[in-house]
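Engineer: Pasting a structure here, questions to come.
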Amino acid sequence: MTRHFEYLRPETIDAAIGMKVEYGPQAKFWAGGTDMMLLWQRRAVDFDYCIDLTYIPSLRYIEMEGSTLRIGAMATLDDLDLKSNLNSALTALGETARLMNTKQTRTIATVGGNLCHASPSADLTPPLIAMGTQVKLQGPEGERVIPLDDFHIGVNETALADNEIVKEFIVPHVSEKLAASYNRIARTVVDIALVSSAVCLRIDDTRTIQDAGVVLGAVGPTAIRAPDAENVLIGVSLEELGNGTVQKAGEQASLAARAISDIRASQEFRTDMTSVLTERSIRRCAEILGDY
């Protein structure tokens, strides 16, 4: 049976939300469509109205406001790549974006769409959570801001309320004292991650780690923070960040993983690689901060 949907193209956030309120559950927001169209073709989702957000200019931007990085929900993966030389946070995000899909897909796929899909193996989620990112949401009742690590509540499930959209992602305290790194293992260059780990370190003027984020991907229903691994790193100077500390943090990260065995990889493999990837990410952060 042939299936159809009505295509709607609002030019403002309020108009988009108004359309969603009018058409209710039979309407879906469309970001880049790279995930949604596949799901629709496979009959995993169905809708009568498609509300395309990509023509709303106020949702596509990447900008600094003081030490705060703001990324509009409709910024594309390619936008992250093109802006990757602006600061250390965008360098990490641009490097991550280049791991995702093909160049052609990255010009269409959006940051908001990727994170709203809420895949356990999503590449952008671990580094953004490690950086302490918050999400600004907007709905009929106004705006609200929540931590990104509270945004994903299950496999392909988010904390979005009815008729809400993601407006922007807010990364705080971006400076030359921040370094972030994301590492993953995948079967092919354009495949999704079998297991991944992201680390973000912030140092003070004495080159001591004052804040650390360690976040694991594809080892649970959502990205998983490893607070015990973070605590191993906090308070350690770059000069004291030897192999013993790095290995201990990696071990604590592997203990935080809740990996399962599936058709793509075993539980044992994912758990072991969590430690390896976390150590790689820590060493890369230390290398970046070494010249500070």
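Engineer: Taking the mean number of other Cβ atoms within 10 Å as a proxy for protection, how do you rank 225-231, 193-199 from highest to lowest? Walk me through the intermediate numbers first.
Structural biologist: Values: 225-231: 19.6, 193-199: 29.0.
Order by mean packing, descending: 193-199, 225-231.
Engineer: For helix 267-289, what angle does its Cα long axis make with the longest principal axis of the chain, in degrees from 0 to 90 and rounded to 10?
Structural biologist: 70 degrees
Engineer: When the dipole is taken about the Cα centre of the chain, and only Lys, Arg (+1) and Asp, Glu (-1) are charged at their Cβ, what size is it in debye, to the nearest 20?
Structural biologist: Values: 28 positive and 39 negative charges, 148 e Å.
For this selection, approximately 700 debye.
Engineer: Right, here's the next one. Between Thr208 and Ser58, what length in nm is gained on full extension when 0.36 nm per residue of separation is reduced by their alpha carbon distance?
Structural biologist: Working: separation 150, 0.36 × 150 = 54.00 nm, distance 3.85 nm.
Extending this stretch completely gives an extra 50.1 nm.
Engineer: For Asp211, which sequence-distant residues (separation of 5 or more, or a different chain) have an amide H within less than 5 Å of its own amide H, given hydrogens modelled in the peptide plane?
Structural biologist: So Asp211 has HN proximity to Arg202.
Engineer: Per residue and in cubic angstrom, what volume does the convex hull of the Cα atoms of the stretch 6-52 have?
Structural biologist: Details: hull volume 2.9 nm³, N = 47.
Value for the stretch 6-52: 62 Å³ per residue.
Engineer: Against the longest principal axis of the chain, how steep is helix 243-256, in degrees 0 to 90 to the nearest 10, with axes from Cα atoms?
Structural biologist: Taking the Cα atoms of the chain, the angle to 243-256 is about 40 degrees.
Engineer: To make sure I understand, if each residue's beta carbon is the centre and we count other beta carbons within 10 Å, what order do His4, His152 fall in, fewest to most?
Structural biologist: Details: His4 6, His152 24.
Taking fewest neighbouring Cβ atoms as first place, the list is His4, His152.
Engineer: For the stretch 105-211, what is the charge dipole size about the Cα centre, in debye to the nearest 20, if Lys and Arg each add +1 at the Cβ and Asp and Glu each add -1 at the Cβ?
Structural biologist: Details: 9 positive and 14 negative charges, 85 e Å.
Using Cβ point charges on Lys, Arg, Asp and Glu, the stretch 105-211 gives about 400 debye.
Engineer: Can you compute the charge dipole magnitude of the stretch 183-289 about its Cα centre, using +1 on each Lys and Arg Cβ and -1 on each Asp and Glu Cβ, nothing else charged? Give it in debye, rounded to the nearest 20.
Structural biologist: Values: 12 positive and 14 negative charges, 80 e Å.
Taking the Cα centre of the stretch 183-289 as origin, the dipole is about 380 debye.
Engineer: Let me ask something additional. Using only Cα atoms, find the angle between the long axis of helix 88-97 and the longest principal axis of the chain, and express it within 0 to 90 degrees, rounded to the nearest 10.
Structural biologist: Approximately 60 degrees, to the nearest 10.
Engineer: Please give the net charge around Pro221, taking every other residue with its beta carbon less than 9 angstrom from that of Pro221, where Lys and Arg add +1 and Asp and Glu add -1. Kindly include the intermediate steps, with their values, before the conclusion.
Structural biologist: Details: positive: Arg258; negative: Glu157.
Spelling it out: positives minus negatives among the neighbours equals 0.
Engineer: Follow-up question, since we're still on this one. Quick check on packing: order 158-165, 43-50 by the mean number of other C-beta atoms within 10 Å, highest mean leading.
Structural biologist: Details: 158-165: 16.9, 43-50: 13.8.
The most tightly packed comes first, giving 158-165, 43-50.
Engineer: Now for a separate question. Could you please state, rounded to a whole Å, how far the C-alpha centre of the stretch 68-94 is from the C-alpha centre of the stretch 179-220?
Structural biologist: 16 Å
Engineer: Using R₀ = 51 Å, calculate the FRET efficiency as 1/(1 + (r/R₀)^6) where r is the Cβ-Cβ separation of Thr245 and Arg70; round to 0.05. Mind showing how you got there, number by number?
Structural biologist: Working: r = 33 Å, r/R0 = 0.66.
So, using R0 = 51 Å, E works out to roughly 0.95.
Engineer: Counting Lys +1, Arg +1, Asp -1, Glu -1, what net charge surrounds Leu128 among other residues with beta carbon under 14 Å of its beta carbon? Let's see the in-between values first.
Structural biologist: Numbers: positive: Arg70, Lys136, Arg225; negative: Glu95, Asp123, Asp149, Asp150, Glu168.
Around Leu128, the surrounding residues sum to -2.
Engineer: Express the relative contact order of the stretch 151-290 as a whole percentage, based on alpha carbon pairs under 8 Å and six or more residues apart in sequence. Before the final figure, lay out the partial values.
Structural biologist: Working: 250 pairs, mean separation 32.9, N = 140.
The normalised contact order for the stretch 151-290 reaches 24 percent.
Engineer: Under a 10 Å cutoff between Cα atoms, tell me which one of Arg207, Arg264, Arg106 has the largest fluctuation in the Gaussian network model of the chain.
Structural biologist: Top of the fluctuation ranking is Arg264.
Engineer: When all C-alpha to C-alpha distances in the chain are sorted into bins of 5 Å, what percent of pairs does each bin hold, rounded to whole numbers?
Structural biologist: Once binned at 5 Å, the Cα pair distances of the chain give 1, 6, 12, 17, 18, 16, 13, 8, 5, 3, 1, 0, 0, 0.
Engineer: Among Thr271, Ala286, Ala226, whose Cα lies farthest out toward the positive end of the dipole of the stretch 226-289, if unit charges sit on the beta carbon of Lys, Arg (+1) and Asp, Glu (-1)?
Structural biologist: Selected residue: Thr271.
Engineer: Report the one residue of Val236, Leu53, Leu178 whose Cα lies farthest in the direction of the positive end of the charge dipole of the chain (charges on C-beta: Lys and Arg +1, Asp and Glu -1; origin at the Cα centre).
Structural biologist: Comparing the listed Cα positions along the dipole, Leu53 ranks first.
Engineer: Let me ask something additional. Please list, ordered by chain and number, the residues whose modelled amide H lies under 5 Å from the amide H of Ile62; skip anything fewer than 5 residues away on the same chain.
Structural biologist: Gly72
Engineer: Can I ask one more? Please report the net charge: other residues with Cβ closer than 11 Å to the Cβ of Ser237, K and R +1, D and E -1. Numbers along the way, then the final one.
Structural biologist: Details: positive: Arg207; negative: Asp204, Glu239, Glu240.
That works out to -2.
Engineer: Could you work out the helix-only [θ] at 222 nm for the chain, with each DSSP H run of four or more residues adding -39,500 (n - 2.57) and the total divided by the number of residues, to the nearest 500 deg cm²/dmol? Before the final figure, lay out the partial values.
Structural biologist: Values: 10 runs with 94 residues, N = 292.
It lands at -9000 deg cm²/dmol.
Each reported figure results from applying straightforward, stated rules to the coordinates on display, with no laboratory input. On a predicted model such as this, the values are computed, not experimentally measured, just so you know. Every residue, glycine as well, gets a Cβ built from its backbone with ideal geometry; the counts of neighbours run over all protein chains shown.
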